[in-house]
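K.L.:
One structure is given below, represented as structure tokens, and several questions about it will come after.
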Amino acid sequence: MKRAIVPQSMSALPASPAGAAAAPVTVPGLQRMKREGVRIVSTTAYDFSFARLLDKAGVDLLLVGDSLGMVIQGHSTTLPVTLEQMIYHTAAVVRGARRAMVVCDMPFGFCHGGGVAVMDAAVRVLKETGCHGVKLEGGVRMAETIRFLWEQQVPVLAHVGLTPQSVHAFGGFKVQGRGEDAERVMADAVAVAEAGAFAVVLEGIPAPLARRITERLEIPTIGIGAGGQCDGQVLVMHDLLGIYEEVVPRFVKCYLPDRTVFHAVGRFVDDVRSGQFPTEEHSFTE
Ligand code: KIV
């Protein structure tokens, strides 16, 4: 039986960093959450200010996803993102996080050189950003690399199912693991868990399959488009705030109603045009 963490509104938290005095989230801590039936909350983050806000709001795991290639850079896939860019954004997120664990996505092209090549990149990521682990896309084919990294004490968050770096191989952002394909995704999840991944993202797979994987694995599953029975959920921050409108997958829930950010900017435009901003309140006296 899962227990939902009581949602905390920003206003309910103290303004001082004391709100973040709770113990930092760690790899063993996340695994304990699964055993105790406490759902893990994760979002993506790409900069200091949002990392600070998401951390204060109670997010456990901040993922610096290579989704930044789409929502920050405006590409149509995640493939163009470089290691330098991941390091730049991850370092900013780490400066904003007090309690949350921070994980950096390894960009496309860095995981195909095998263990030592990936280790070199992961060492740069951990040394130059201060983050706590890396995420790698791929199941069976990445298992040896995950094993090697974990033997070198690099925590790895695995990612199976609809892995966006495989968009061209899949022929689009398509749900994986339907029908007979379910056993392939199951084998991927089992392989990364046996290799030592500390948790696994399950993306774009049928909910019953995600439930079976979650029951079978000892490590936490973090779902995105994988139904409600995973050990945790992750959403891209821009999707949950409704500020990325190019592609809105069915699994996205927007927590800001009626394009709130868009309308706020629209009111600023109106106020400047009509001379209602700035007022004396926002101006300096002599
Ligand atoms: O790149 C990303 O943001 C991700 C998450 C959506 C899991 O991989």
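K.L.:
Just in segment 145-187: which trypsin sites (Lys or Arg not before Pro) are loop by DSSP and have at most 14 other Cβ atoms within 10 Å? Walk me through the numbers on the way to the answer.
P.N.:
Numbers: sites: R147, K174, R178, R184; in loops: K174, R178.
Answer by residue number: K174, R178.
K.L.:
Could you give the nm distance between label points at D270 and R184, where each point is 7 Å from its Cα heading toward the beta carbon?
P.N.:
Output for this residue pair reads 5.2 nm.
K.L.:
With the cut-off at 1.5 for a/c, could you classify segment 191-251 from its C-alpha gyration tensor as rounded, prolate or oblate? Can you show the working numbers first?
P.N.:
Details: a/c = 2.81, a/b = 1.97, b/c = 1.42.
The shape class here is prolate.
K.L.:
Out of the chymotrypsin sites (Phe, Trp or Tyr not before Pro) in segment 179-286, which ones are loop residues according to DSSP with at most 15 other C-beta atoms within 10 Å?
P.N.:
On the way: sites: F198, Y244, F251, Y255, F262, F268, F284; in loops: F198, Y244, F251, Y255, F284.
Sites meeting the loop and neighbour criteria: Y255, F284.
K.L.:
Please get the size of the charge dipole for segment 189-286, origin at its Cα centre, with Cβ charges of +1 on Lys and Arg and -1 on Asp and Glu, quoted in debye to the nearest 20. Intermediate results must be reported in sequence, preceding the final value.
P.N.:
On the way: 8 positive and 14 negative charges, 118 e Å.
So the magnitude is around 560 debye.
K.L.:
With the cut-off at 1.5 for a/c, could you classify segment 107-206 from its C-alpha gyration tensor as rounded, prolate or oblate?
P.N.:
Values: a/c = 2.18, a/b = 1.70, b/c = 1.28.
Because a/c hits 1.5 or more and a/b exceeds b/c, segment 107-206 counts as prolate.
K.L.:
Let me ask you something else. Considering only DSSP beta bridges with both partners in the chain, what is the antiparallel share in %, to the nearest 5?
P.N.:
Bridges in the chain are about 5 percent antiparallel.
K.L.:
A further question on this structure: In whole percent, what relative contact order does segment 8-257 give with Cα contacts below 8 Å and a gap of six or more residues? Could you put the intermediate results ahead of the total?
P.N.:
Values: 500 pairs, mean separation 41.3, N = 250.
Over segment 8-257, the number comes to 17 percent.
K.L.:
Using helices alone, I'd like the mean residue ellipticity at 222 nm for the chain: each DSSP H run of four-plus residues gives -39500 (n - 2.57), total over residue count, nearest 500. Please list the in-between numbers first.
P.N.:
Details: 11 runs with 109 residues, N = 286.
Helix contribution divided over all residues of the chain: -11000 deg cm²/dmol.
K.L.:
Enumerate by residue number the trypsin sites (Lys or Arg not before Pro) in segment 245-286 meeting two conditions: DSSP loop (anything except H, G, I, E, B), and at most 16 other Cβ atoms within 10 Å of the site's Cβ. Mind dumping the intermediate values first?
P.N.:
On the way: sites: R250, K253, R259, R267, R273; in loops: R250, K253.
Listed in order of number, the matching sites are R250, K253.
K.L.:
How do the peptides 211-218, 129-136 rank, highest first, by the average count of neighbouring beta carbon atoms within 10 Å per residue? Kindly include the intermediate steps, with their values, before the conclusion.
P.N.:
Details: 211-218: 16.8, 129-136: 21.8.
Ranked from most to least packed, the peptides come out as 129-136, 211-218.
K.L.:
If you find the alpha carbon centre of segment 127-200 and of segment 218-286, how far apart are they in angstrom?
P.N.:
29
K.L.:
For the chain, what is the charge dipole size about the Cα centre, in debye to the nearest 20, if Lys and Arg each add +1 at the Cβ and Asp and Glu each add -1 at the Cβ?
P.N.:
Numbers: 27 positive and 30 negative charges, 167 e Å.
Dipole of the chain, to the nearest 20 debye: 800 debye.
K.L.:
Follow-up. Sorting F170, F148 on the 10 Å Cβ count, fewest up front, what's the list? Present the calculation step by step, with values, prior to reporting the outcome.
P.N.:
On the way: F170 15, F148 19.
The fewest-first ordering by Cβ neighbours comes to F170, F148.
K.L.:
Using a ≥ b ≥ c from the Cα gyration tensor of segment 8-257 (square roots of the eigenvalues), is it rounded, prolate or oblate, where a/c under 1.5 gives rounded and otherwise the larger of a/b and b/c decides, a/b for prolate?
P.N.:
On the way: a/c = 1.27, a/b = 1.21, b/c = 1.06.
Rounded, since a/c falls under 1.5.
FYI, it's all coordinate maths here, none of it is from the lab. Note that the structure is predicted; figures quoted are calculated from it, not measured. All Cβ positions, even for glycine, are placed from backbone atoms using ideal geometry, and neighbour counts span all protein chains on display.
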